[in-house]
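Heads up: the structure comes next, in structure tokens.
What follows draws every value from the coordinates through simple rules; no lab data is involved. Since the model is a prediction, treat every value here as computed from it, not as a measurement. Reconstructed Cβ throughout: ideal geometry from the backbone, glycine too, with neighbour counts over all protein chains shown.
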């Protein structure tokens, strides 16, 4: 899968990643709406039963949630690695410094 690749991000990379995420979210929303419309058409035409349509949409949503979870986990790993590589302070680093100043 594409999210198995080893990616290093700089500032431009973060912007590109953000733009890519927003584009992906927009595309996913449009796709979801289209699938729901097509399933509704099939139901209206009597080609699929209401329960079958509901089950199909639920299965598609579950698959999407599982993949979304995997992608989010991989993105977090990539971002954490990039933050470490750039030498940026994390919330944890700042909290440690604050405790050290007390």
Worksheet entry | Every residue from the stretch 42-67 that is at negative phi and surrounded by fewer than 12 Cβ atoms within 10 Å (Cβ to Cβ) | 44, 45, 47, 49, 50, 51, 58, 59, 62, 63, 65, 66
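Of the residues 83, 79, 94, which single one is assigned to a helix (DSSP H, G or I), at negative phi and exposed (fewer than 12 other Cβ atoms within 10 Å of the Cβ)?
After ruling out the rest, the residue left standing is 94.
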